Amino acid sequence: MTMTDYIIRCALGKEIIQVDGLGEILSELKAQGRNLNQLATLANMGRINVVQGEELITAYTDICSQLERITGEVE
């Protein structure tokens, strides 16, 4: 949650819920996303061939779905 979101929720009197451990998960997901972008760039340059790309996409889709479920449960 951004500082702006926090202040707005406080001003509106809404309940604020902090999910412990989610920050670490998001940091790891961002790091993996950066790695994925680097792999995509190298593949587009023809410097590498990506194998099993469908499995990678499926895994990321599952992670994003789980994060959406978690955030939906606390809103």
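The values are calculated or read from the model by the stated rules, or taken from the named source; none is laboratory data. Since this is a predicted model, take the numbers as computed values, not measurements. Reconstructed Cβ throughout: ideal geometry from the backbone, glycine too, with neighbour counts over all protein chains shown. SASA here: full protein model, heavy atoms, side chains in, ligands and nucleic acids out. Shrake-Rupley method; radii C 1.70, N 1.55, O 1.52, S 1.80 Å.
Calculate for the chain the 222 nm mean residue ellipticity that helices alone would give, adding -39,500 (n - 2.57) per DSSP H run of length 4 or more and normalising by residue count, nearest 500 deg cm²/dmol.
Working: 3 runs with 54 residues, N = 75.
Dividing the helical sum by the residues of the chain leaves -24500 deg cm²/dmol.
Leaving out ligands and nucleic acids, note down the accessible area per residue over the chain with a 1.4 angstrom probe, in whole Å². Mind showing how you got there, number by number?
On the way: 6390 Å² over 75 residues.
Accessible area per residue, the chain: 85 Å².
Over the chain, the reciprocal of the mean inverse Cα-Cα separation, the Kirkwood hydrodynamic radius, stands at 15.0 Å. Charge tally for Thr61 (other residues, Cβ to Cβ under 13 Å; Lys, Arg +1; Asp, Glu -1): -3.
Based on Cβ point charges of +1 for Lys and Arg and -1 for Asp and Glu, what charge dipole magnitude is obtained for the range 1-74 about its Cα centre, in debye rounded to the nearest 20?
Rounded to the nearest 20 debye, it is 320 debye.
Surface composition of the chain: carbon and sulfur atoms hold 54% of the protein heavy-atom accessible area at a 1.4 Å probe.
Hydropathy at least -1.0 by Kyte-Doolittle, axial extent at least 15 angstrom from the Cα trace: which helices of the chain, defined as entire DSSP H runs, fit? Within the chain the helices that satisfy the rule are 22-44, 53-74.
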